[in-house]
1. Considering every Cα-Cα pair within the range A:366-491, what fraction, in whole percent, is farther apart than 23 Å?
2. What lysines could a cross-link reach from A:LYS280, if we take a straight Cα to Cα line under 20 Å and drop same-chain neighbours fewer than 8 places away?
3. Classify the range A:85-227 from the C-alpha gyration tensor, please: rounded if a/c falls under 1.5, else prolate or oblate depending on whether a/b exceeds b/c.
4. Amide H to amide H under 5 Å from A:ASP41: which residues, 5+ apart in sequence or cross-chain, H placed 1.01 Å off N in plane?
5. Give a quick list of trypsin sites (Lys or Arg not before Pro) in the range A:494-536 that DSSP marks as loop, anything other than H, G, I, E or B, with at most 12 other Cβ atoms within 10 Å.
6. Among A:ILE381, A:ILE213, A:ILE179, A:ILE357, which comes first, then next, by fewest other beta-carbon atoms within 10 Å?
7. Between A:LYS97 and A:ASP60, what length in nm is gained on full extension when 0.36 nm per residue of separation is reduced by their alpha carbon distance?
8. Based only on other Cβ atoms within 10 Å, what is the fewest-to-most ordering of A:GLU160, A:GLU131?
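Please treat every number below as a calculation from the coordinates, not as lab data. Everything numeric here is computed off the predicted structure, so don't read it as measured data. Positions of Cβ are backbone-derived with ideal geometry, glycine not excepted, and every protein chain shown enters the neighbour counts.
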Amino acid sequence: MATDPKALIEELLRKALQEKAPQSADTPIVIERPKQTGHGDFSSNVALQAAKTAKMKPRDLALALQESIAAQVSASAALSDAIEKPEIAGPGFINFKLKAGTKTAVIRRILEEGALFGSAREGQGQKVQVEFVSANPTGPLHVGHGRQAALGDAIAALLESQGYAVTREFYYNDSGAQIEKLALSVQARARGIHPGAPGWPEEGYAGEYIEEIAQEYLTQKGEVGDLDAIRRFAVASLRAEQDVDLKAFGVRFDVYYLESSLYAEGKVDQVVKTWAAHGKTYEKDGALWLRTTDYGDDKDRVVRKSDGTYTYFVPDVAYHVTKWQRGFRKVTNVQGTDHHSTVTRVRVGLQALDLGIPVGYPDYVLHSLVKVMRGGAEVKISKRAGSYVTVRDLIDWVGRDAVRFFLVSRKADSEFVFDIDLALEKSEENPVYYVQYAHARVCSVFAQAGGMPKSPASANLDLLRSEREMGLAARLAEYPDVLAEATRELAPHAVAFYLRELAGEFHSYYNAERILVEDEALRAARLALCAAVRQTLANGLSLVGVSAPEKM
RNA sequence: GCGCCCGUAGCUCAGCGGAUUAGAGUAUUGGCCUCCGAAGCCAAGGGUCGUGGGUUCGAAUCCCGCCGGGCGCGCCA
């Protein structure tokens, strides 16, 4: 018998459909977990979907399917032990209820699989790459980078959970106009010129960190006239600072890819040559244009300016070629929505190379901007950076766990209001602590019981019978599905929501039932359930980069 | 003007490859610690799902218009 109840139910429905309405046999079977407990553990609307092709009223078809399933169930002792006969409800839903033993089986599975519970093999053997943050070394990381870091790292972890071999990558521009401005700004500061004063570079960087870098450069006996040395110093110093912040945020990268290397290795030239060789470019007004309109863009784009330098998206395309050549068939880029115009260009640029790269390559997860609120007003100023709030500010204000949980709990495309007061002053009501508290609570029960249960998996789980215990078991069983779905959608916020619900059900259970009861067998069974809850909370928290404390 | 995204309870947000009575948190109000951690639990009130049409037996969910907000629309990156 299949160990996964969902697969089992799908099988039953498939057979019933073949028997009762063969002409509708290829109707996709959707099985969901109803929100209302009265609707059983699983529910399907196939009868509603198939009614048309079957030329039957939905309810009549549902009744026929029900009859067939009931027959299948009574014919098999294993099936009879696993599930109840289905019920019909509403316009023609078929609702399934699992026997208690089927539901609690997940507890044993969790205890056996431990940290691996929730993982799957969907992506086994496939190399995927997630590119995120990719901040230029021209200033400290801002809140938007924080959102990217939280999102990207969680997406990477989700992909890992499904078996993919994931590379976390950070791409940065270490040459070009922005870096030049940075160098000039530091140089100006080193000469005592303040932002806006005569001699200050056009569109220079005005943040206080520029002054700090300038002072450091000077104390290390740097030569004010040596712009090249200043550039190297400033980039190194900002890169180091970003690394410190990322480390504090609990995010690490496998690869740092330098834009300059693309030029150095001739990869940028190669891209342009290939386009030209395929007749995808033409000269106009002293510039070189790419026929992006051939691929649905609204106008052609300049790739080489009249001054001979390339526009930004040429190295971008070259960079993505390396991703493809490095064997990443699935690539996800996490960026702000302000970059959404590059999505088309990069994809089109890749298509125009005729390398056999699929049309939708790469995937993009675009997130909208983050607004930071404090005391009912928007915070725009950071002491360090001047004009924006940094990741460091957020971590200092509310702590890493709260920042990561908050930033990952909204779907990427929703505009995000990060309320410092909510995250900090009301910390006792904060969702992060709510989830962490559930974890700590289980640990504290174990402490009371004299340590972690020795062999929780050997407990007699049939003793778990209450509504709440069944509900918790069902919730636990859902976890692998949540991860699979969240991975498919590249939407880690689903994990944060799931954790909130699981924690809530546990708190509720904890208040309603005593876990450390006299009856040893029952106590062992409840401890096993608690151990499974703890494991799942820990797995989910770890996935979104939040710690699972034993005490708080 | 054009393109993409968003508009769900006072506030912050889930749900949106249609389907059984729209959900959480927070805020407000009222209960629960002689008993495993009250950073918790239980309960109440609070929503014409921006708006007007359309498709459908059935729409918060799909399609179109409008209103409101965000982001793009460079030989900037």
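1. Roughly 52 percent, once rounded to a whole number.
2. Counting by Cα, and skipping residues close in sequence, A:LYS280 has these lysines nearby: A:LYS267, A:LYS299, A:LYS305.
3. Cα axes put the range A:85-227 in the prolate bin.
4. A:PHE96, A:LYS97, A:LEU98
5. Taking the range A:494-536 and a limit of 12 other Cβ atoms within 10 Å, the loop trypsin sites (Lys or Arg not before Pro) found are A:ARG514.
6. If I rank by nearby Cβ atoms, fewest first, I get A:ILE381, A:ILE357, A:ILE179, A:ILE213.
7. Gain in length upon complete extension: 11.3 nm.
8. Fewest-to-most Cβ neighbours within 10 Å comes out as A:GLU160, A:GLU131.
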